[in-house]
Amino acid sequence: MSVYLDVACIHIQRYLARTPTLRGRRAASAVLAEATRLHRRDDDPPQAPPPPLLRALGGYATANAEAGIADGVVSVVVDKGVAPADAARRVLAHLRETLPGATFQAVWGEGHTYLDAYNNRIKPQLASGQGLLTDLPPLAEFPPISPCRFCRSAPACTRLPIDPFDEEHREQTREQDACADCEMRYGTRTSRRAGRTAEDRLATKLGLTRIDDFAALAALGTAESGRNHLATVYADGNAIGDFFSALVKKEGDKAGVSKRLVDATRDALAAATRAISHESALCAVPHVVGGDDVLVSVPADRGWRFAAALLTELETSFAAIAGEFGIDRAPTASAGIAFAHAHHPFHLVVESADACMRRAKGAYAGQRTSLDFCDITVEGNEVPAEAPMSLKALRAHAADLDRLVAAMPAHQRNRQENLRRLGADWQHQAEADLVRIGRTEVLAPFRPHTENGQDGIRTTQALRIARWWRGGID
Ligand SMILES: [Zn+2]
């Protein structure tokens with residue numbers, strides 16, 4: 001029997017998104033990647049020293065070879081004779097020192113394999129909240145003497161140049177109050193350069209170069225889309241826990257399954273990015289790539305294509321892994337897409353994408369691959385009246401949506417949508433308009449506004465989708 005210990009950065013998206021700039025988030029991702037690293041980097045020379053975390057854990061724990069590499073998660077096997085809580089505190093101390101503002105949670109359990117330990121010990125503890133060791137950032141004094149001017153979510157303890165990345169004029173620029181976490185993001189720490197983020201790995205894998213900022217990412221859009229909007233996609237596996245429970249009763253070599261699910265997530269991200277790439281720049285910015293969840297921004301007019309490709313890949317890989325072990329009910333995935341201006345506060349975009357993803361999960365009880373979206377520029381933060389759709393329904397209607405966008409300009413689609421939302425009396429006006437412009441066949445494949453049901457896509461939903469639909473999901 002071994003004791004398996006997992007330490008994770010919780011609320012990781014919220015933590016990474018707390019500074020307004022992409023560079024601040026990237027810096028935090030890089031420091032997190034380096035602080036949680038247990039393995040050699042691909043480009044390390046043979047004589048490179050082991051990762052700092054592994055050195056800190058010497059005599060306490062070693063890397064868990066059965067776990068995959070997920071952002072913000074440390075998975076280790078505790079050495080014989082060491083109290084698990086001591087090993088946990090060792091990991092927490094290392095992480096706290098490098099990431100002042102993050103929240104961490106440690107959980108451990110004994111088992112013959114990681115899968116056993118996870119199913120019988122770790123999962124029940126995570127579900128009940130019992131036996132977890134949580135490490136919170138130091139509490140802010142109230143009232144705070146001076147809040148950090150960069151993130152406004154912690155008290156200041158130092159000062160940094162207002163433009164921390166303007167290294168040429170470092171001496172002359174004015175300074176403002178900063179917290180310890182922003183000092184980590186914007187200061188001159190070397191761990192920021194050492195860390196390989198999910199974005200770095202994706203860029204290397206695809207042989208593409210990272211873009212500078214969100215404005216540059218949005219600028220990859222087509223001219224008619226305005227080149228200033230992004231789609232932020234949050235995808236997450238459904239019923240992964242149930243899958244692990246089912247796996248226990250099956251025969252076969254199950255040691256690497258957890259790792260394979262993680263690899264499937266990374267491969268799906270790479271495949272979806274490839275599906276929307278037609279330039280030398282990496283046209284996707286992954287923020288978090290966890291074990292079975294991904295948060296990524298892409299140019300708005302590639303959002304649908306990206307999300308559909310990502311979900312299709314995840315669904316196919318999960319089904320293949322489940323199939324190998326004779327498990328009928330494979331995990332599925334759900335995604336939320338938030339369309340917003342590139343300058344819209346990113347933490348609000350993440351909240352919207354997260355809310356959409358949860359609605360999509362809820363609508364199908366996590367049993368089907370599904371997605372939902374919101375268009376913040378047009379609809380604000382209002383919850384859409386339309387039900388989330390299954391991936392199957394979206395794919396079935398892809399060609400219909402292509403035809404809708406090609407045949408009806410935006411002003412006609414907007415008029416149709418607005419009339420149909422006014423109620424039954426206006427439905428006739430909408431139909432009469434359609435006849436007048438000779439486009440009745442374009443909306444015919446979709447369901448009437450009054451009809452509900454899980455499959456299919458309603459007319460009003462199709463008109464919403466059409467705003468950012470640029471065709472060609474395959
Ligand atoms: Zn700060």
- Message: So if each residue of separation counts as 0.36 nm, and I subtract the Cα-Cα distance between K249 and V82, what length gain in nm does that give?
- Response: 57.0 nm
- Looking at the square roots a ≥ b ≥ c of the eigenvalues of the Cα gyration tensor of the range 329-415, which shape do they give, rounded for a/c under 1.5, prolate if a/b is larger than b/c, or oblate? oblate
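Ignoring GluC sites (Glu not before Pro) that are buried or in helix or strand per DSSP, and keeping those with at most 10 other beta carbon atoms within 10 Å, what is the longest stretch of the chain between them?
Details: sites that count: E141, E167, E168, E171, E251, E279, E382, E451.
After excluding every exposed loop site, the longest remaining stretch is 1-140.
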- Message: I'd like the FRET efficiency for L348 and M1, computed as 1/(1 + (r/R0)^6) with the beta carbon distance as r and R0 of 60 Å, rounded to 0.05.
- Response: 0.80
- For the chain, cysteines whose Cβ has no other cysteine Cβ within reach (under 4.7 Å): C9, C151, C157, C182, C283, C356, C374
- If each K or R counts +1 and each D or E counts -1, the residues other than L53 whose Cβ falls under 12 Å of its Cβ total +1
- Can you give the net charge of the other residues whose Cβ lies under 14 Å from the Cβ of D301, counting K and R as +1 and D and E as -1? +1
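Using Cα pairs under 8 angstrom and six or more residues apart, how large is the relative contact order of the chain, in percent?
Relative contact order comes out at 14 percent.
With the cut-off at 1.5 for a/c, could you classify the range 397-474 from its C-alpha gyration tensor as rounded, prolate or oblate?
Values: a/c = 1.82, a/b = 1.26, b/c = 1.45.
It comes out oblate by the Cα gyration axes.
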- Looking at the square roots a ≥ b ≥ c of the eigenvalues of the Cα gyration tensor of the range 2-135, which shape do they give, rounded for a/c under 1.5, prolate if a/b is larger than b/c, or oblate? oblate
- If you take the charge dipole of the range 2-135 about its Cα centre, with +1 on Lys and Arg Cβ and -1 on Asp and Glu Cβ, which of P100, H39, A63 is farthest toward its positive end? P100
- Message: Strictly over 22 Å apart at the Cα level, which of K123/K250; K205/K254; K205/K259; K205/K392; K123/K249; K123/K361 would you flag in this model?
- Response: K205/K254; K205/K392
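What is the sum of charges, Lys and Arg at +1 and Asp and Glu at -1, for the other residues whose Cβ falls under 12 Å from the Cβ of T103? Can you show the working numbers first?
Details: positive: R14, R18, R96; negative: D135, D181.
Here the charged neighbours net out to +1.
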- Assigning unit charges at the beta carbon (Lys, Arg +1; Asp, Glu -1) and nothing else, what dipole magnitude in debye, to the nearest 20, does the chain show about its Cα centre? 20 debye
- Query: When only DSSP loop residues count, what trypsin sites (Lys or Arg not before Pro) in the range 325-388 have their Cβ near at most 16 other Cβ atoms within 10 Å?
  - Reply: R329
- Message: Please report, ordered by residue number, every helix of the chain (full DSSP H runs) that is 18 Å or longer along its axis going by C-alpha atoms and whose mean Kyte-Doolittle hydropathy reaches -1.0.
- Response: 22-35, 84-98, 257-275, 303-324, 346-363, 424-437
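Using only helices, what value at 222 nm comes out for the chain when you add -39,500 (n - 2.57) per DSSP H run of length 4 or more and divide by the total residues, to the nearest 500 deg cm²/dmol? Spell out each step's value before the answer.
Values: 21 runs with 200 residues, N = 474.
Mean residue ellipticity at 222 nm (helix-derived): -12000 deg cm²/dmol.
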- Query: Per Stokes-Einstein, at 37 °C and 0.692 mPa s, what whole-number D in µm² s⁻¹ belongs to the chain, with the Kirkwood radius over Cα pairs as the hydrodynamic radius?
  - Reply: 137 µm²/s
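Give the percent of DSSP beta bridges with both residues in the range 205-386 that are antiparallel, rounded to the nearest 5.
Values: 21 of 28 bridges.
Here the antiparallel bridges make up roughly 75 percent for the range 205-386.
Among the trypsin sites (Lys or Arg not before Pro) in the range 50-141, which ones are in a DSSP loop with at most 11 other Cβ atoms within 10 Å of the Cβ? Mind listing them?
Details: sites: R55, K80, R89, R90, R96, R121; in loops: K80.
Sites meeting the loop and neighbour criteria: K80.
Readers should treat all values here as calculations from the given coordinates under stated rules, not as data from a laboratory. The structure displayed is predicted, hence computed values, not measured ones. FYI the Cβ positions are ideal-geometry reconstructions off the backbone, even for glycines, and counts take in every protein chain you see.
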